[in-house]
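The block underneath contains the structure these notes are about, expressed in structure tokens.
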Amino acid sequence: MSIVVKGDKLFHLSTKNTSYVFDVDYSGDLEHDTQHRAYVGNQGVLRHLYFGQRIDNTDDFVFTENFVKWTPAVHSHVDQIMEEFSSFGTLRYKETAMKVVFSDGTKDFRYNYKGHKVNGNCLTVTLEDVHYPLIVELHYEVFEEFDVIKRFVKVYNTGKEEILVERLYSAELGIADDDMQIINFNGAWSSEFQQVSESLKGGKKVFESLGGTVGHVANPSFIVHKNATEDTGEVYYGALAYTGNFKVTAEIPSKVTTYKYTNVLIGMNDNDFCHVLRGGTDFESPAVYIGYTNKGFTDMSHKMHDFCKNEIMPKNFANKPAKVLYNSWYATLFDVVCDEQKKLAKKAADAGVELFVVDDGWFGTRIGEKQGLGDWYVDKNKFPNGLSELVDYVNGLGMEFGIWIEPEMVNENSELYRNHPDWIYRFPNREPLTGRLQYTLNLTKEEVVQYMIESLDNLLSENNVTFIKWDMNRLISETGTCAPGAAACDGNYHEQKEIWYKHIQNFYRVISTIREKHPNVEFECCAGGGARIDYGAMRYFDKFWTSDNTDPIDRMEIQDGYSLLYPIKYMSAWITDDFLAGETRRPPITFRMRCSMCGALGIGNNLNELPDDDLEIIKSHIVEYKRVRDIVQFGKLYRLKNFMRDDFHAVQYVNGNKSVVFTFLLHSRYLTSKYSLKLKGLEENAMYEVKERNGTIKKSGAFLMKYGIDVNMKGDYDSQMIEIEKLA
Ligand code: DGJ
């Protein structure tokens, strides 16, 4: 039984290795503690008791005395308890999970616990305002096998008057400690997923996005730990399924010694947010998937990677290995011409590529960033015989064909904008601003949604396209909806704040409609690199473009951060000729290939100009990659060594009886040419064959994990791919 409810007031959720417990605490009432009522204004508080290693005996959580003593405090008693769901108002001064405003101006939610429902692995707990017609449901779903609990919140207006929902996070999680660390990312375009682990000792730490999408800067997830390492330590983690503005807050609301704790909240950002909850309607927060381990970051990654594969990724591609793709962007930029693409395709096919993708520049009048976005028909100057000439050619070479789109955007210089200048977000009396010389289409307008669905449907129906790279190259701004020259925005002040949320819902609607119509098409999610990577997008896409930065050294750091919570099969990793890090660093092709082989391999070099010898090297590595890709994409990942801390970099993947290790050395130092490496994830008592550059050895799993192997590397930018197999 994954959910046990005792006495209609104690809730005990169990996964394979963890327990999650909360109750309705009436203790203040029982003691006629008027202070209690004075601070929260209602009877009973939903109190978070425990999240951690599994404890089976539910009765242990029945506390006969007050868990919180309601000691006199200067500010607030309720801030001293870990609440399961706190709402703005009463005497709460911490960050709360919800804020509502009733039509008479009352701004707090005072609830009574109404009851609960258990349905298989799902629990719903219902709270009702003591006066106003507002019901709040807390939803939990237990994924036992993966040690994951899904949480979301749903609010109902059972009356007639509007209620403004000004904040609705997906979850609040109290951790009974005030000395934790939090990991999120400190990224930017071309340097996504730069890990930072910061101490939480007081105050509030916020990671968020405000540009209408996930963004490069931070990620909608949290990893809170206590001096954890890859293999040891407690880690609390969560990932939000929402591709819009998000907010992760970690706060220590109470420093009162007995009741100190860290409160983590995650959900849609409340900045410029509102949902007008009309009478008789409901509103649901996105889901967040949370977990706990006492075995460090590797265990967290394994659980979340498995969970993603089994529960989040679209089913039709989740178990199929990502194909080796070629993408034209770094080779030809906007200069896409049919004949040249054919030449690239021929070379790509000869090298072993399975999917040929034409990036930006194939449509409308798209000769550069300034024009064409929105006109999703082929440029006849570039493709006089239509797209089918190239598609047929590519298919004839035995490859599938894919194409780039950026459907939420429009250039001023486009047919679409000339015909519909009112289809973008804009304010009255303001020139709309551009980002990358483009506007964002107003997805809250039904005609825009229909246009997007129709143009994508036509593109996919008229051409044998089996892969779409969906890009988004600017952040959203000026979220007003009005025609140019209009005196005012449509909708009232509160409705205008709904746009951020509605945009994302309609983005999901367009992609899911297209997926339904074209189930055999795979989708890659990109936003100027890795600015749209979250568990919400993962439900509709089959891959993430991790970063525009393909420099292998920068990239390994990015891949390391990405891999903490996101699966390797989704991690597009290409070799290109482009070096954002500068012309000064040119690691050899083998080094770059091996870096890309750590994820879903792609090739982006200008193959038409690449020396034959280099092409041969790429070709031989593609052969190797195909041999190990099931291990890489579906195996368990071990981050063994990292450039930032160690002499060299090493990642290992283990899938069943097979394992592969990639090692990278920047430069030899002090005559060292042998690097000792302890492997992980093997069976202690089994024998393995390890193929290292200097020969093949046969050793037990115990030896390989405890004593380790010698990796021979020397000089500049040396690397190895070491294959390991269990002997029968
Ligand atoms: C940004 C993406 O990250 C690139 O890979 C490429 O698709 C360009 N957009 C095209 O404009």
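The values are calculated or read from the model by the stated rules, or taken from the named source; none is laboratory data. No experiment lies behind these values; they were computed from the predicted model shown. FYI the Cβ positions are ideal-geometry reconstructions off the backbone, even for glycines, and counts take in every protein chain you see.
Can you name every residue in the stretch 164-199 that is closer than 15 Å to E251 by Cα, among the acidic types (D, E) and assigned to a strand (DSSP E or B)?
E172, E198
A quick yes/no check of all residues on (1) of a type in the set (F, W, Y); (2) touching a Lys or Arg at 6+ places or on another chain (Cβ under 7 Å):
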| site | (1), (2) |
| --- | --- |
| Y132 | yes, no |
| I135 | no, no |
| H139 | no, yes |
| F146 | yes, yes |
| Y156 | yes, no |
| E162 | no, yes |
| R167 | no, yes |
| G174 | no, no |
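Could you say whether any residue in the stretch 107-121 is among the basic types (K, R) and either in contact with a His (Cβ under 9 Å, 6 or more places away or on another chain) or assigned to a loop (DSSP other than H, G, I, E, B) (or both)? Can you show your working first?
In the first step, residues of the stretch 107-121 are kept if they are among the basic types (K, R); the result is 107, 110, 114, 117.
Now restrict to residues that are either in contact with a His (Cβ under 9 Å, 6 or more places away or on another chain) or assigned to a loop (DSSP other than H, G, I, E, B) (or both): 107, 110.
Looking through the stretch 107-121, at least one residue is among the basic types (K, R) and either in contact with a His (Cβ under 9 Å, 6 or more places away or on another chain) or assigned to a loop (DSSP other than H, G, I, E, B) (or both).
Here is a list of conditions, (1) within 16 Å of the ligand (Cβ to nearest atom); (2) under 25 Å from A322 (Cβ atoms), and V391 meets all of them except one; can you say which number that is?
If we test V391 against (1) within 16 Å of the ligand (Cβ to nearest atom); (2) under 25 Å from A322 (Cβ atoms), just (1) comes out false.
Could you check the stretch 353-381 and list, in sequence order, the residues that are of a type in the set (V, I, T), assigned to a loop (DSSP other than H, G, I, E, B) and either closer than 29 Å to S596 by Cα or out of contact with any strand residue (DSSP E or B) (no Cβ under 6 Å at 6 or more places or on another chain) (or both)?
Once the filter is applied, which keeps residues that are of a type in the set (V, I, T), assigned to a loop (DSSP other than H, G, I, E, B) and either closer than 29 Å to S596 by Cα or out of contact with any strand residue (DSSP E or B) (no Cβ under 6 Å at 6 or more places or on another chain) (or both), the stretch 353-381 yields V353, I367.
I'd like to know if the stretch 394-414 contains one or more residues that are away from the ligand (no atom under 16 Å from the Cβ), exposed (fewer than 15 other Cβ atoms within 10 Å of the Cβ) and assigned to a helix (DSSP H, G or I).
Among the residues of the stretch 394-414, at least one is away from the ligand (no atom under 16 Å from the Cβ), exposed (fewer than 15 other Cβ atoms within 10 Å of the Cβ) and assigned to a helix (DSSP H, G or I), which makes the answer yes.
How do the pairs read when you match residues in the stretch 358-370 that are in contact (Cβ under 8 Å) with a residue 12 or more places away in the chain and surrounded by 23 or more Cβ atoms within 10 Å (Cβ to Cβ) with residues anywhere that are assigned to a strand (DSSP E or B) and not aromatic (F, W, Y), using Cβ under 7 Å and keeping only pairs 6 or more apart or on different chains?
V358/I403; W362/V378; W362/I403; F363/V378
Quick check, is E284 over 25 Å from S547 (Cβ atoms) and either of a type in the set (K, R) or in contact with a strand residue (DSSP E or B) (Cβ under 7 Å, 6 or more places away or on another chain) (or both)? Before the answer, list the steps.
Values: over 25 Å from S547 (Cβ atoms): yes; either of a type in the set (K, R) or in contact with a strand residue (DSSP E or B) (Cβ under 7 Å, 6 or more places away or on another chain) (or both): yes.
Here the answer is yes, as E284 does meet what is asked.
Residue-wise test of (1) surrounded by fewer than 23 Cβ atoms within 10 Å (Cβ to Cβ); (2) of a type outside the set (V, I, T); (3) under 15 Å from the mean Cα position of the chain (by Cα).
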residue: P519; (1), (2), (3): yes, yes, no
residue: G536; (1), (2), (3): no, yes, yes
residue: K543; (1), (2), (3): no, yes, yes
residue: T546; (1), (2), (3): no, no, yes
residue: D554; (1), (2), (3): yes, yes, no
residue: E557; (1), (2), (3): yes, yes, no
residue: W574; (1), (2), (3): no, yes, no
residue: I589; (1), (2), (3): yes, no, no
residue: R592; (1), (2), (3): no, yes, no
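Residue by residue through the stretch 357-371, note down the ones that are of a type outside the set (V, I, T) and either over 27 Å from the mean Cα position of the chain (by Cα) or more than 9 Å from the ligand (Cβ to nearest atom) (or both). If you could, list the steps in order and put the result at the bottom.
Going through the stretch 357-371, the residues of a type outside the set (V, I, T) turn out to be 359-364, 366, 368-371.
The answer is G361, W362, F363, G364, R366, G368, E369, K370, Q371.
Exactly one condition in (1) under 24 Å from the mean Cα position of the chain (by Cα); (2) surrounded by fewer than 22 Cβ atoms within 10 Å (Cβ to Cβ); (3) of a type outside the set (A, V, I, L, M, F, W, C) is not met by S668; state its number.
So S668 meets the others, but not (1).
If you check L565 against the conditions, is it out of contact with any Gly (no Cβ under 8 Å at 6 or more places or on another chain), in a loop (DSSP other than H, G, I, E, B) and at pLDDT below 95?
Values: out of contact with any Gly (no Cβ under 8 Å at 6 or more places or on another chain): yes; in a loop (DSSP other than H, G, I, E, B): yes; at pLDDT below 95: no.
When the stated conditions are applied, L565 does not pass them.
Looking only at residues in the stretch 307-319 that are part of a loop (DSSP other than H, G, I, E, B) and surrounded by fewer than 20 Cβ atoms within 10 Å (Cβ to Cβ), which one is nearest to the ligand (Cβ to nearest atom)?
Looking only at the stretch 307-319, we keep the residues that are part of a loop (DSSP other than H, G, I, E, B), and these are 313-314, 319.
Those still in the list that are surrounded by fewer than 20 Cβ atoms within 10 Å (Cβ to Cβ) too: 314, 319.
Details: P314: 21, N319: 26 Å.
So the residue we want is P314.
Take the residues in the stretch 320-331 that are part of a helix (DSSP H, G or I) and either basic (K, R) or buried (at least 20 other Cβ atoms within 10 Å of the Cβ) (or both), then tell me which one is farthest from the ligand (Cβ to nearest atom).
A331
For a quick check of your reading of the model, give me the residue pairs whose first member lies in the stretch 536-549 and is in contact (Cβ under 8 Å) with a residue 24 or more places away in the chain and assigned to a loop (DSSP other than H, G, I, E, B), whose second is β-branched (V, I, T) and within 14 Å of the ligand (Cβ to nearest atom), with beta-carbon atoms closer than 8 Å and at least 6 apart or on different chains.
Filtered contacts from the stretch 536-549: T546/I533; T546/I558; S547/I558; N549/I558.
Is it true that some residue in the stretch 473-480 is surrounded by fewer than 22 Cβ atoms within 10 Å (Cβ to Cβ), hydroxyl-bearing (S, T, Y), away from the ligand (no atom under 16 Å from the Cβ) and outside any loop (DSSP other than H, G, I, E, B)?
No, because not a single residue in the stretch 473-480 is surrounded by fewer than 22 Cβ atoms within 10 Å (Cβ to Cβ), hydroxyl-bearing (S, T, Y), away from the ligand (no atom under 16 Å from the Cβ) and outside any loop (DSSP other than H, G, I, E, B).
Of all residues in the stretch 415-435 being free of Cβ contacts under 8 Å to residues at least 40 places away in the same chain and assigned to a loop (DSSP other than H, G, I, E, B), which is surrounded by the most Cβ atoms within 10 Å (Cβ to Cβ)? Let's see the steps before the verdict.
In the first step, residues of the stretch 415-435 are kept if they are free of Cβ contacts under 8 Å to residues at least 40 places away in the same chain; the result is 418-420, 423-424, 429, 431.
This time we only want the ones that are assigned to a loop (DSSP other than H, G, I, E, B), so: 420, 429, 431.
On the way: H420: 19, N429: 10, E431: 9.
Among them, the one singled out is H420.
Restricting attention to the stretch 127-163, which residues are of a type in the set (A, V, I, L, M, F, W, C) and assigned to a loop (DSSP other than H, G, I, E, B)? Step through it out loud before you land on a result.
In the first step, residues of the stretch 127-163 are kept if they are of a type in the set (A, V, I, L, M, F, W, C); the result is 127, 130, 134-136, 138, 142-143, 146, 148-149, 152-153, 155, 163.
V130, the sole residue that qualifies.
Restricting attention to the stretch 527-555, which residues are among the aliphatic types (A, V, I, L, M) and touching a helix residue (DSSP H, G or I) at 6+ places or on another chain (Cβ under 6 Å)?
Start the filter on the stretch 527-555 by keeping residues that are among the aliphatic types (A, V, I, L, M), which leaves 527, 531, 533, 537-538, 553.
M538, the sole residue that qualifies.
Among the residues of the stretch 506-519, which ones are closer than 14 Å to D457 by Cβ and either touching a residue at least 12 places away in the same chain (Cβ under 8 Å) or part of a loop (DSSP other than H, G, I, E, B) (or both)?
Going residue by residue through the stretch 506-519, those that are closer than 14 Å to D457 by Cβ are 509-519.
Within the stretch 506-519, R509, V510, I511, S512, T513, I514, R515, K517, H518, P519 qualify.
Consider V378 against the criteria (1) more than 15 Å from the ligand (Cβ to nearest atom); (2) in contact (Cβ under 8 Å) with a residue 40 or more places away in the chain; (3) surrounded by 16 or more Cβ atoms within 10 Å (Cβ to Cβ): it satisfies all of them except one. Which criterion is unmet?
Every listed condition holds for V378 apart from (2).
Condition first: assigned to a strand (DSSP E or B) and acidic (D, E). Can you find one or more residues in the stretch 670-683 that meet it? Walk me through it before giving the result.
To start, the set of residues in the stretch 670-683 that are assigned to a strand (DSSP E or B) comprises 674-677.
If we keep only those that are acidic (D, E) as well, we get none.
Looking for residues that are assigned to a strand (DSSP E or B) and acidic (D, E), one finds none in the stretch 670-683, hence no.
Checking S659 against (1) part of a helix (DSSP H, G or I); (2) buried (at least 19 other Cβ atoms within 10 Å of the Cβ), which single condition isn't satisfied?
(1)
Do you know which residues across the stretch 436-461 are of a type in the set (D, E, K, R) and in contact (Cβ under 8 Å) with a residue 40 or more places away in the chain? Give the steps one after another, and end with the answer.
Keep residues of the stretch 436-461 that are of a type in the set (D, E, K, R), which gives 436, 445-447, 454, 457.
Listed by number, the residues that qualify are R436, D457.
Within the stretch 542-569, take every residue that is over 24 Å from R436 (Cα atoms) and aromatic (F, W, Y) and give me the one that is farthest from the ligand (Cβ to nearest atom).
Y566
Checking the conditions here, which among I709, I722 is under 24 Å from Q559 (Cβ atoms) and touching a residue at least 40 places away in the same chain (Cβ under 8 Å)? Even if it seems obvious, please write down each step before you answer.
Values: I709 fails: touching a residue at least 40 places away in the same chain (Cβ under 8 Å).
I722 is the lone residue from the list that is under 24 Å from Q559 (Cβ atoms) and touching a residue at least 40 places away in the same chain (Cβ under 8 Å).
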